[in-house]
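For reference, the structure is listed below as structure tokens.
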Amino acid sequence: MKIEHQEDGRIVVTFRQSWLNDSTLCLERGRRAVIEPEKRRTNDSAAIGTAVHAGIEAHLNGDDVGLAMDGAWETLLSEGVVSTLGWSERQMRVETCELWNTWHDEILPTLPKISHTEYGFNVPFYHTEVNGTPVEVRLSGTVDAVCEDGTLWDWKTAARAYSEREKQNTAVQPTVYAAALSRVGLTDYPCTFKFGVLIREKHTSQIVSVTRSRNHEVWLASMTEPLVRQGILLGLESPWPVNDTSALCSQKWCNWYDSCRGSALTTTDLYNGGTPTSNPKKRGK
Ligand code: SF4
């Protein structure tokens, strides 16, 4: 979420789907992601996803895949990668190649003609008013691949297969992308959005197809409007409501844990002599 006060008195609020995902889990996590972005760390499973993305994009653009994936790893490692899988650098690089091969052999042949890769957007979504101040709400992000038939694709690396039912029911990414790209004429409702999922270690693939209609867009607007009001009226300086019931509220999975819940509760308070379980929600990039 980005809140920008314009010289003409208007306020522009821009949402990315990843921020909406974070905030659904915990509003305070969303606030901290805005005010303390430097605390955001890349873990190994996300890093593998980023490097695979670089290889896929290179292939689709006719560039050198090996060079792209090596370049991605150089950048990721120089910035620091947090270990959650316990893998060596070599294991992560080999896994990246395996997953790219799986994409190349199993997903690429199913793709219709692609019109855009890594399509960046920043488009107006709706206008509202907060205490008499006009507010423009925008959506921004990057779609991995846009096909000529209007189908949108996102590449995912994941520990396990996705539930199509769950993604159809709750995924915000397809809704945001469909709303944005219908505005620039690259898709239309009903919009088909496909997750091209690459499963780590098994090196298998899964294509998860969901559809989005204008009703989803209406719901997205209803869902975001209270966040707009909260962001503007409450501001970003004081804490927002927390949700500490998610398994992601832990030192391992929340970048802001130490200065948030971890500053109040010790491991004894939390586990009473036991140990935290690992990996509560295996997910991709
Ligand atoms: S530590 Fe927990 S409560 Fe605090 S921001 Fe992270 S997820 Fe939210």
Look at region 8-54 and say how many of its residues are assigned to a helix (DSSP H, G or I) and either touching a His at 6+ places or on another chain (Cβ under 9 Å) or within 16 Å of the ligand (Cβ to nearest atom) (or both).
-> 20
Matching residues, region 155-171, being surrounded by 20 or more Cβ atoms within 10 Å (Cβ to Cβ) and β-branched (V, I, T) = T157
Just checking, which of L99, L85 is outside any helix (DSSP H, G or I), in contact (Cβ under 8 Å) with a residue 24 or more places away in the chain and within 19 Å of V197 (Cβ to Cβ)?
-> L85
For region 253-269, how many residues meet the condition of being away from the ligand (no atom under 11 Å from the Cβ) and either touching a Leu at 6+ places or on another chain (Cβ under 7 Å) or at pLDDT 85 or above (or both)?
-> 3
Taking region 44-64 and the residues there that are in contact with a helix residue (DSSP H, G or I) (Cβ under 7 Å, 6 or more places away or on another chain) and surrounded by fewer than 18 Cβ atoms within 10 Å (Cβ to Cβ), the one that is farthest from W153 (Cα to Cα) would be D64
Among the listed residues P241, P226, P190, P174, which satisfies the condition of being over 17 Å from the mean Cα position of the chain (by Cα) and either surrounded by 15 or more Cβ atoms within 10 Å (Cβ to Cβ) or within 16 Å of the ligand (Cβ to nearest atom) (or both)?
-> P241
Any chance V65 is in contact with an Asp or Glu (Cβ under 7 Å, 6 or more places away or on another chain), more than 30 Å from P241 (Cβ to Cβ) and more than 16 Å from the ligand (Cβ to nearest atom) = no
For the subset of region 6-43 comprising residues that are without any contact (Cβ under 8 Å) to a residue 12 or more places away in the chain and outside the structural domain of P226 (by TED's automatic domain parsing), which member is surrounded by the most Cβ atoms within 10 Å (Cβ to Cβ)?
-> P37
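The values are calculated or read from the model by the stated rules, or taken from the named source; none is laboratory data. All values derive from a computational prediction rather than experimental measurement. Positions of Cβ are generated from backbone atoms using ideal geometry, with glycine treated the same way; all protein chains shown enter the neighbour counts.
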